[in-house]
Amino acid sequence: MAGSWTKAHVWMLYAAFSITEIWMSLHFPEVDVAEYRRYAQAATTYPWFHHWPREYPALSLLVFLLPLLLPVAYRLGFALFALAALAVMVHRGLDRYGPAWGMRLLGYLSIGTVGLFAQRYDIFASLAAFLAVDFAMRHRWRAAWVFSVAGFLLKLFPAVFWPVFLIQEWRETGRWRWDRLAYSLAAGLAVVGLQAMGSSHQAFTSYRYLLDRPVEIGSLAASLTALISRPQLFYAFGSVDVQAHGIAHLVGTVLTVAAAALWAGVFYQQFRGRLEFVQAAILTLGILLLTTKVFSAQYLIWIAPLLAMRPGNRLLAAAYLFTTLGYPVGYAVPGMMPWVVYIFAARNLFLAAGLAKMTWTHRAREPVGPPAAVGKPAPCEAP
């Protein structure tokens, strides 16, 4: 029951989660942190900042440099900074949305990111995205756009919020703020220009890396491919991927087209006032997760703080649980790897069903208000 939780309960769960993650980081080390360390060391080697992360946007380098500031091993330092970012998110969310939000957030993360959370840098981009949405809910649009751009320069995905921001600000003010979108795109180009000044061949590396990647085992494209054909697994681009005589690529292309259609539907419903702001943001990001050709286990960190703004959903909890069953459990159990694609297929089914249930439960039966007459958003609902 929502009334039974207090801030003390949330911080106790946070402490237990943090201890577990630090222990897992030290006893079950992941290669990603070692890669972050190599990027940080390369950046601090003369000539400075002439080496940029190959597969990550430029601002990620600042995150990778942070652990070098601490007098501890890089792996422990990275875990401490990741958990500090989560503490900032929890502190902010508790003040805004209450203990029920905090328990849901930490509950999702506990069952879905065990062993991964403190060994991936996704929490930093997730924090920026959460703050962007939070500021937008408070009608502080300049700050919302700034944090969304920061998240974009960390992990790219917060850019999907920009159409949602444009529509919502128009509904509140009656003005289309295309200038904010232009400034955001200009900021991205400016950072690319900075990279080009230091190392011209690395200016668009992260974008090319994403475009060149094959269909990853956790994606919905891989799930559908496994259902209609016998997939072959292979390792490339730092992940296990799927191929099936060109079918995987075709399925991925179809899902990309479907994503464009689904996004158009979400934006239209928000434009008409049939979909409130947070729901539009959740669906926009959820569509990205389900239609992109790469859906790594840690990507559910991105959407967790937004899902926590809604009452508990067993389907979504199952999606997080099956993520853990797929990775790291499925990867660690001998002979399980060929079945991991089906575990992730179940995860994707639960995630899609959970988002659909959330949308049906919280759809706006009447328009949420005419442009320039939308009231303040309601606080986080209790389960």
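Given C-alpha coordinates of the chain, what is the ratio Rg to Rh with the Kirkwood estimate of Rh?
0.95
Report, to the nearest whole %, how much of the accessible area of the stretch 1-139 belongs to carbon and sulfur atoms, 1.4 Å probe, protein only.
After summing per-atom areas, the C and S share lands at 71 percent.
Choose one of Ser229, Thr113, Phe350: the residue whose Cα lies farthest towards the positive end of the charge dipole of the chain (beta-carbon charges +1 Lys, Arg; -1 Asp, Glu; about the Cα centre).
Phe350
With the Cα gyration tensor of the stretch 43-100 giving a ≥ b ≥ c as the square roots of its eigenvalues, does the rule (a/c under 1.5 for rounded; else a/b larger than b/c for prolate; else oblate) give rounded, prolate or oblate?
The shape class here is prolate.
Which of Ala143, Trp176, Leu153 sits farthest toward the positive end of the charge dipole of the stretch 118-233, with +1 on the Cβ of Lys and Arg and -1 on the Cβ of Asp and Glu?
Trp176
Using amide H atoms built in the peptide plane, which far-off residues or other-chain residues are under 5 Å from Val240 H to H?
HN-HN under 5 Å from Val240: Ile217.
How would you order 235-244, 53-62, 128-137, 333-342 from highest to lowest mean count of nearby Cβ atoms within 10 Å?
128-137, 53-62, 235-244, 333-342
According to the Kirkwood expression over distinct Cα-Cα pairs, how big is the hydrodynamic radius of the stretch 1-109, in Å?
In the stretch 1-109 this quantity evaluates to 15.6 Å.
For an R0 of 51 angstrom, estimate the FRET efficiency from the Cβ-Cβ distance between Leu76 and Ala186 and round to the nearest 0.05.
So the FRET efficiency works out to roughly 0.85.
In whole Å, what is the distance between the alpha-carbon centres of the stretch 170-184 and the stretch 213-240?
Comparing the Cα centres of the stretch 170-184 and the stretch 213-240, I get a distance of 39 Å.
Give the peptides 295-301, 12-18, 167-173 in descending order of average Cβ contacts within 10 Å, highest first.
With the highest mean Cβ count within 10 Å placed first, the list reads 295-301, 167-173, 12-18.
On the principal axes of its Cα set, how long, how wide and how thick is the stretch 252-345? Give whole Å, largest value first.
52, 33, 17 Å, listed from the longest principal axis down.
Could you give the accessible area per residue of the chain, probe 1.4 Å, as a whole number in Å²?
44 Å²
With every protein chain kept in the model, how would you rank Lys293, Lys7 by accessible area, 1.4 Å probe, largest at the top?
So, going from the largest accessible area down, we get Lys7, Lys293.
Where the only charges are on Cβ atoms (+1 Lys, Arg; -1 Asp, Glu), what is the dipole of the chain about its Cα centre, to the nearest 20 debye?
700 debye
What is the extension gain from Arg138 to Arg92, computed as 0.36 nm multiplied by their sequence separation minus the C-alpha to C-alpha distance, in nm to one decimal?
Extending this stretch completely gives an extra 15.3 nm.
Pairs of lysine in the chain with Cα under 27 Å and at least 8 positions apart or on different chains: total?
Eligible lysine pairs with Cα atoms under 27 Å apart amount to 4.
Kindly state, to the nearest 0.05, the FRET efficiency for Trp339 paired with Leu211, given R0 = 35 Å and r defined as their beta-carbon distance.
0.75
Report, in deg cm²/dmol and to the nearest 500, the calculated mean residue ellipticity at 222 nm for the chain, where each DSSP H run with n ≥ 4 adds -39500 (n - 2.57) and the sum is divided by the residue count.
Mean residue ellipticity at 222 nm (helix-derived): -21000 deg cm²/dmol.
At 0.36 nm per residue, minus the direct Cα-Cα distance, what do Ala84 and Ala356 gain on full extension? Give it in nm, one decimal, please.
94.7 nm
Go ahead and run the numbers for FRET between Asp179 and Leu62, Cβ-Cβ distance against an R0 of 25 Å, rounding to 0.05.
So the FRET efficiency works out to roughly 0.40.
Let me know the shape class of the stretch 43-185, please: from the alpha-carbon gyration tensor, a ≥ b ≥ c as square roots of the eigenvalues, rounded when a/c is under 1.5, otherwise prolate if a/b is greater than b/c, or oblate.
Note, shape of the stretch 43-185 comes out oblate.
Under a 5 Å amide H to amide H cut-off, with H placed in plane at 1.01 Å, what residues pair with Gly98 once short-range neighbours are removed?
none
What relative contact order, as a whole-number percentage, does the stretch 72-219 give when Cα pairs under 8 Å and 6 or more residues apart are counted?
14 percent
The values are calculated or read from the model by the stated rules, or taken from the named source; none is laboratory data. Predicted model, so just to flag it, every value in this text is computed and none were measured. Note that we place each Cβ from the backbone using ideal geometry, even for glycine, and neighbour counts take in every protein chain shown. Note: accessible area is taken over every heavy atom of the protein model, side chains too, but ligands, DNA and RNA are not part of it. Shrake-Rupley method; radii C 1.70, N 1.55, O 1.52, S 1.80 Å.
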